[in-house]
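None of the figures in this text is laboratory data; all of them are computed from the coordinates on show. What you see is a predicted model, and the numbers here were worked out from it, not measured in a lab. Ideal geometry is used to build each Cβ from the backbone, glycine not excepted, and the neighbour counts take in all protein chains shown.
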Amino acid sequence: MTEQTDSVKNVLDTVAVFTTLGTFLDLLTPVFGLIGAVVGVMRIYEMATGKEFSALWRKKKADDAEHE
């Protein structure tokens, strides 16, 4: 990955954490908490599998194309 992409991901991780915490403390609306939780789950998936989250969508589309 490029250095710029990693920087963007790190910023999104930080924003997601603070957004989720802020929602649990009733400082922000629940919609922002949901967005933060989704971003967090995507990053956990990336760390657990070592693949980008977008690879999951590409793989699923390829599997669907084989079954048609």
Item to check | Net +/- balance of residues flanking SER7 in space, Cβ distance below 15 Å, scoring K and R +1, D and E -1 | outcome: -1
Checklist entry - By per-residue mean of other Cβ atoms within 10 Å, what is the highest-first order of 30-39, 46-55? => result 30-39, 46-55
